């Protein structure tokens, strides 16, 4: 049976990594499928990975049997439903890892700290540590919002190609949460340019009147992630922003390093 061949012929250590070659190859194929939008043909995988078609076919058939890949009626391969459970669990774990860093953000800025991921076309909040102020912001963990009206959305999309951003906005629409919400693609792309120049993103009363949010992307995160602080506009002033942004950037850098070290020696 092909799967048993994979366990014997492909399970040799992969050179200097000391890993199991078939596992390394299978995960590489899954990541290539994700990069391609979730659905690919064998020939595309062969061209991008450099692996021979018989090897790819054997690995993909094993992944199909396990439920991590499914074969479409058009014979192309798509990411399978069992990955959803893994993704949800890893998102929760990412939030758990981030909590000590968010706690420091609260201690050093005085405002509520959040972590959010880009999940498909939406922003999902995976962790929060509330401010100790009696007047504070609160967002439920698991809440989903559209990227165009949030600081974390701007931070996460700042380095995405403009055509991909326009396609996302076309799919989601740009409903106004407040009268300050950006509601045109050109306006949003201009805001992303400001994020790239400044090194941080601002939600200035765009998601909720009276609330300002400052956000930065977590560099080199295993999945696209951002951290932010949010508070009343009367506290998160321009002067406060100058003090808070370097703290946000430093903690994002430290969180990035912690996530990289928890991932072992890969990369």
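The numbered conditions (1) out of contact with any strand residue (DSSP E or B) (no Cβ under 9 Å at 6 or more places or on another chain); (2) over 25 Å from residue 96 (Cβ atoms); (3) surrounded by 12 or more Cβ atoms within 10 Å (Cβ to Cβ) are all true for residue 219 except (2). With respect to residue 169, is the statement that it is surrounded by 12 or more Cβ atoms within 10 Å (Cβ to Cβ), assigned by TED's automatic domain parsing to the domain that holds residue 108 and in contact (Cβ under 8 Å) with a residue 24 or more places away in the chain true? So residue 169 does not fit the description; no. The one condition from (1) in contact (Cβ under 8 Å) with a residue 60 or more places away in the chain; (2) crowded, with 24+ Cβ neighbours inside 10 Å; (3) within 19 Å of residue 133 (Cβ to Cβ) that residue 232 does not meet is (2). Taking the conditions exactly as written (over 20 Å from the mean Cα position of the chain (by Cα) and either on the phi < 0 side of the Ramachandran plot or modelled with pLDDT of 95 or more (or both)), does residue 149 satisfy them or not? No; evaluated as a whole, the condition is false for this residue.
Contact map, region 106-123: residues that are in the same structural domain as residue 237 (by TED's automatic domain parsing) paired with residues that are in a strand (DSSP E or B) and surrounded by fewer than 17 Cβ atoms within 10 Å (Cβ to Cβ), Cβ distance under 6 Å, separation 6+ or inter-chain. Pairs shown: 122/144.
State all residues of region 33-56 that are in contact (Cβ under 8 Å) with a residue 40 or more places away in the chain and in a helix (DSSP H, G or I); if no residue qualifies, say none. Matches in region 33-56: 33, 34, 55. Residues in region 58-68 that are in contact with a helix residue (DSSP H, G or I) (Cβ under 9 Å, 6 or more places away or on another chain), surrounded by fewer than 16 Cβ atoms within 10 Å (Cβ to Cβ) and part of a helix (DSSP H, G or I): 65, 66. In the set 196, 243, only one residue is assigned to a helix (DSSP H, G or I), more than 29 Å from residue 169 (Cα to Cα), in the same structural domain as residue 131 (by TED's automatic domain parsing) and modelled with pLDDT of 95 or more; that residue is 243. Inclusion of residue 60 among residues that are farther than 28 Å from residue 169 by Cα, in contact with a strand residue (DSSP E or B) (Cβ under 7 Å, 6 or more places away or on another chain) and modelled with pLDDT under 90 is warranted. Considering region 203-212, the residues that are surrounded by 21 or more Cβ atoms within 10 Å (Cβ to Cβ) and free of Cβ contacts under 8 Å to residues at least 60 places away in the same chain include one that is nearest to the chain's Cα centre (by Cα), namely 203. So, residue 103, is that one outside any strand (DSSP E or B), at pLDDT 90 or above and under 20 Å from residue 152 (Cβ atoms) or not? The answer is yes for residue 103. Annotation note: of 59, 83, 93, the sole residue that is without any contact (Cβ under 8 Å) to a residue 60 or more places away in the chain and more than 25 Å from residue 259 (Cβ to Cβ) is 59.
The values are calculated or read from the model by the stated rules, or taken from the named source; none is laboratory data. Given the structure is predicted, the values throughout are model-derived calculations rather than measurements. Because the Cβ atoms are built from the backbone with ideal geometry, glycine has one as well, and the counts that use them run over all protein chains shown.
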